[in-house]
Amino acid sequence: MLAKHENSIEARRQAIQAALDSSKSTAERNRLGQFATPNALAVQIARYVQSIAGHHLRMVRFADPAIGTGSFYSAALAVFGSGRMESAVGVELDAGFCNAARDLWAQAGLDVVQGDFTRIVASPRCPVSPNLILTNPPYVRHHHIDREDKERLQALAYQMAGVKVNGLAGLYVYFVLLATEWMKDGGYAAWLVPSEFMDVNYGAALKRYLTDRVTLIRAHRFDPEDVQFGDALVSSVVLVFRKTAPPPGHVVEFTFGGTILESHAKASIPLEQAHKSRKWTVYPSHARNDRRMSKDDQGAAMGDLFRIQRGIATGSNKFFVLERHEAESRGFPERHLRPILPSPRFLKAIVIDGDQDGYPLIKPQLCVIDCDLPEAILEVRHPALWKYLQTAEALGIKDGYLVGKRSPWYKQEQRNPAPFLCTYMGRGSDQKQPFRFIWNRSQAIGTNLYLMLYPKNGLARMLREHPDRAADVFALLGQVTGYELRGEGRVYGGGLNKIEPSELARISAAAFIERWPGLRSTIQRQGVLFDEASSASGA
Ligand SMILES: C[S@@+](CC[C@H](N)C(=O)[O-])C[C@H]1O[C@@H](n2cnc3c(N)ncnc32)[C@H](O)[C@@H]1O
């Protein structure tokens with residue numbers, strides 16, 4: 001229990017935390033990764049660590065590399081007692097939090113160092129190694145980390161921990177690696193971090209580190225439906241590990257729901273299995289574990305978030321698709337030309353920017369002839385285009401099935417540009433995606449060698465309100481694994497894979513819901529509306 005004096009510091013801390021939080025916008029707090037840990041949760045975590053560490057932590061050298069106002073220090077004092085606290089250090093970037101932590105805890109033995117932990121840990125200013133780290137590091141997403149800083153962090157993680165961190169990883173991944181390297185051998189750590197790394201490709205390096213380099217004791221995932229701590233824990237996990245090599249036959253305890261002291265479900269997973277598992281959130285199996293539900297077809301799928309459609313079949317790309325400069329030099333009217341992407345074979349970039357006319361900033365720029373004017377009018381208004389089209393007869397183009405069905409025969413299927421596309425066929429094994437996702441920021445459409453993904457439901461609304469989140473959507477698409485894509489698509493002789501819109505639509509979108517839990521209700525609401533509509537119509 002907290003001594004009376006510390007109890008009153010904790011009360012003061014909570015008031016200061018609330019005041020500091022309300023002085024900043026949510027966007028600002030997101031950018032800086034400033035979401036404090038509710039003290040009751042910090043205490044539960046500290047208690048759990050104490051229960052497993054036992055006599056190994058007789059004297060505590062505490063550290064929180066992102067101390068905030070010191071919720072975890074408060075918890076450590078409450079659980080371990082000031083008598084066992086040999087040293088305590090907190091690092092904090094933000095001057096406001098730093099001063100607050102100093103005012104609150106300096107007298108109670110906390111040394112607060114102001115600065116960027118990821119720099120301090122690699123500098124001569126680095127404080128003495130702790131044997132206990134309890135923390136909730138900044139979650140700062142990768143696109144808020146500028147390029148130079150990301151390169152510095154990647155180089156440092158490699159230098160200190162020998163780990164190559166994927167550029168899509170958030171700041172917390174670097175914190176875990178660097179702080180663990182800093183920690184004393186045999187020390188204990190508890191980290192409250194986002195659970196996304198457990199499933200996505202960019203988390204693979206951290207998962208390997210957790211299984212190979214330390215002894216992972218526990219991974220407790222909170223139930224997203226649980227409102228115990230408000231929105232704070234929607235997709236968080238507490239990782240508890242000891243900095244020692246894992247003993248032979250080690251098993252990791254994966255728990256879900258409830259609290260870390262009393263979870264709702266538990267699975268003991270042999271380290272070997274955890275090491276091999278592509279997704280950690282499937283453990284433990286539990287009715288409320290959405291990872292299971294999505295496997296049972298009850299979870300959100302890509303088709304709930306995107307309308308997915310093949311690109312256009314022109315009937316003869318050779319005839320209808322030509323280079324923009326050629327079409328211009330032939331005097332074809334701009335309004336009957338549409339920008340179109342080249343075949344995936346020739347598209348090297350995966351992020352396509354557009355010029356002021358909406359053409360992709362790639363070479364060569366291509367356009368497709370798409371005109372709905374009747375021939376007689378076309379001949380008068382746009383003789384150059386009409387003349388070109390006259391050559392189709394001799395080339396046998398008009399005999400084609402698709403072309404023969406259309407009226408006029410040079411009018412294409414209508415598609416709006418889609419912000420995301422997926423190539424329709426490709427090769428790849430294991431983790432490698434056989435298909436490529438493209439982020440299309442131009443006005444180009446795609447041929448039927450692409451699937452076009454149009455955001456719908458809550459995702460469309462969210463992107464209208466927060467266009468900057470498109471980068472995250474694209475990153476999540478990039479994390480759909482090769483296994484999932486091949487699993488839904490089909491494989492042809494020689495290892496060629498193809499995927500149809502309905503197959504891509506079946507792939508789990510759980511990662512999107514985990515990232516933006518609000519999307520779930522927009523999908524469910526559709527279901528409810530549909531049920532209401534069908535019962536109203538007597539269906
Ligand atoms: C998620 S908050 C958690 C604070 C505290 N550990 C807690 O559990 O309540 C993360 C804290 O890290 C700080 N921070 C962000 N970037 C940092 C950095 N590079 N070095 C040190 N602290 C940082 C933020 O200002 C914020 O106070």
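The values are calculated or read from the model by the stated rules, or taken from the named source; none is laboratory data. Since this is a predicted model, take the numbers as computed values, not measurements. Positions of Cβ are generated from backbone atoms using ideal geometry, with glycine treated the same way; all protein chains shown enter the neighbour counts.
Values computed for the structure shown
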{"read-out": "Among the residues listed as ALA76, ALA106, ALA88, the single one being in contact with a strand residue (DSSP E or B) (Cβ under 9 Å, 6 or more places away or on another chain), more than 9 Å from the ligand (Cβ to nearest atom), touching a residue at least 40 places away in the same chain (Cβ under 8 Å) and outside any loop (DSSP other than H, G, I, E, B)", "value": "ALA76"}
{"read-out": "Meets criteria (within 12 Å of the ligand (Cβ to nearest atom) and out of contact with any strand residue (DSSP E or B) (no Cβ under 8 Å at 6 or more places or on another chain)) for ASP94", "value": "yes"}
{"read-out": "Candidates SER521, SER534 - the one that is over 29 Å from SER277 (Cα atoms), at pLDDT 75 or above and either out of contact with any helix residue (DSSP H, G or I) (no Cβ under 7 Å at 6 or more places or on another chain) or among the aliphatic types (A, V, I, L, M) (or both)", "value": "SER521"}
{"read-out": "Failed item, numbered, when GLU10 is tested on (1) over 23 Å from THR259 (Cβ atoms); (2) in contact with a Ser or Thr (Cβ under 7 Å, 6 or more places away or on another chain)", "value": "(1)"}
{"read-out": "Only one of PRO137, PRO127 that is more than 9 Å from the ligand (Cβ to nearest atom) and either surrounded by fewer than 16 Cβ atoms within 10 Å (Cβ to Cβ) or under 21 Å from ARG242 (Cα atoms) (or both)", "value": "PRO127"}
{"read-out": "Where PHE435 falls short, out of the listed (1) modelled with pLDDT of 95 or more; (2) part of a loop (DSSP other than H, G, I, E, B); (3) in contact with a strand residue (DSSP E or B) (Cβ under 7 Å, 6 or more places away or on another chain); (4) surrounded by 19 or more Cβ atoms within 10 Å (Cβ to Cβ)", "value": "(1)"}
{"read-out": "Contacts under 6 angstrom Cβ, first residue in segment 325-343 being in contact (Cβ under 8 Å) with a residue 60 or more places away in the chain, partner in a helix (DSSP H, G or I) and polar (S, T, N, Q), 6 or more apart", "value": "none"}
{"read-out": "Which listed residue, of ILE369, ILE362, ILE340, is crowded, with 17+ Cβ neighbours inside 10 Å, at pLDDT 95 or above and more than 26 Å from ARG406 (Cβ to Cβ)", "value": "ILE362"}
{"read-out": "Search result, residues across segment 18-62 that are out of contact with any Asp or Glu (no Cβ under 9 Å at 6 or more places or on another chain), near the ligand (Cβ under 10 Å from one of its atoms) and aliphatic (A, V, I, L, M)", "value": "LEU41, ALA42, ILE45"}
{"read-out": "Boolean, LEU132 is closer than 29 Å to GLN159 by Cβ, more than 9 Å from the ligand (Cβ to nearest atom) and under 31 Å from the mean Cα position of the chain (by Cα)", "value": "yes"}
{"read-out": "Inter-residue pairs, beta-carbon under 7 Å, first of a type in the set (D, E, K, R) and in segment 41-69, second within 12 Å of the ligand (Cβ to nearest atom) and part of a helix (DSSP H, G or I), 6+ apart", "value": "ASP64/PHE72; ASP64/TYR73"}
{"read-out": "Segment 139-179, subset among the polar types (S, T, N, Q) and part of a helix (DSSP H, G or I), residue farthest from PHE474 (Cα to Cα)", "value": "GLN159"}
{"read-out": "Some residue of segment 91-99 being in a strand (DSSP E or B) and either of a type in the set (D, E, K, R) or touching a residue at least 12 places away in the same chain (Cβ under 8 Å) (or both)", "value": "yes"}
{"read-out": "Tally of residues being in contact with a Gly (Cβ under 9 Å, 6 or more places away or on another chain) and either modelled with pLDDT under 95 or among the β-branched types (Val, Ile, Thr) (or both) across segment 172-194", "value": "4"}
{"read-out": "Conditions (1) more than 25 Å from GLU28 (Cα to Cα); (2) among the basic types (Lys, Arg); (3) free of Cβ contacts under 8 Å to residues at least 24 places away in the same chain; (4) part of a helix (DSSP H, G or I): number failed by ARG125", "value": "(4)"}
{"read-out": "Where a residue in segment 455-473 is at positive phi and in a helix (DSSP H, G or I) and its partner, wherever it lies, is buried (at least 17 other Cβ atoms within 10 Å of the Cβ) and polar (S, T, N, Q), with Cβ under 6 Å and at least six apart", "value": "ASN457/THR522"}
{"read-out": "Residues located in segment 230-254, provided they are at pLDDT below 95 and either touching a helix residue (DSSP H, G or I) at 6+ places or on another chain (Cβ under 6 Å) or not in a loop (DSSP other than H, G, I, E, B) (or both)", "value": "SER235, SER236, VAL237"}
{"read-out": "Residue in segment 150-167 that is at pLDDT below 95 and either within 13 Å of the ligand (Cβ to nearest atom) or over 30 Å from GLY249 (Cα atoms) (or both) present", "value": "yes"}
{"read-out": "Residue that is nearest to the ligand (Cβ to nearest atom), among those in segment 110-124 that are within 21 Å of ALA36 (Cα to Cα) and more than 25 Å from the chain's Cα centre (by Cα)", "value": "GLY115"}
{"read-out": "Positions within segment 455-468 being buried (at least 17 other Cβ atoms within 10 Å of the Cβ) and out of contact with any Ser or Thr (no Cβ under 6 Å at 6 or more places or on another chain), in sequence order", "value": "PRO455, LYS456, LEU459, MET462"}
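For every residue, the table says whether it meets (1) in contact with a His (Cβ under 6 Å, 6 or more places away or on another chain); (2) in a helix (DSSP H, G or I); (3) surrounded by fewer than 18 Cβ atoms within 10 Å (Cβ to Cβ).
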| position | (1), (2), (3) |
| --- | --- |
| ASN7 | no, yes, yes |
| ARG13 | no, yes, no |
| ILE16 | no, yes, no |
| ALA27 | no, yes, yes |
| ARG31 | yes, yes, yes |
| GLN34 | no, no, no |
| THR37 | no, no, no |
| LEU41 | no, yes, no |
| ALA46 | no, yes, no |
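To keep it simple, each residue is scored yes or no on (1) of a type in the set (Gly, Ala, Ser); (2) within 15 Å of ALA245 (Cβ to Cβ); (3) surrounded by fewer than 23 Cβ atoms within 10 Å (Cβ to Cβ); (4) within 16 Å of the ligand (Cβ to nearest atom).
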{"position": "GLY170", "(1), (2), (3), (4)": "yes, no, no, yes"}
{"position": "VAL176", "(1), (2), (3), (4)": "no, no, no, yes"}
{"position": "GLU181", "(1), (2), (3), (4)": "no, yes, yes, yes"}
{"position": "GLY187", "(1), (2), (3), (4)": "yes, yes, no, no"}
{"position": "LEU192", "(1), (2), (3), (4)": "no, no, no, yes"}
{"position": "PHE197", "(1), (2), (3), (4)": "no, no, no, yes"}
{"position": "LEU206", "(1), (2), (3), (4)": "no, no, no, no"}
{"position": "THR211", "(1), (2), (3), (4)": "no, yes, yes, no"}
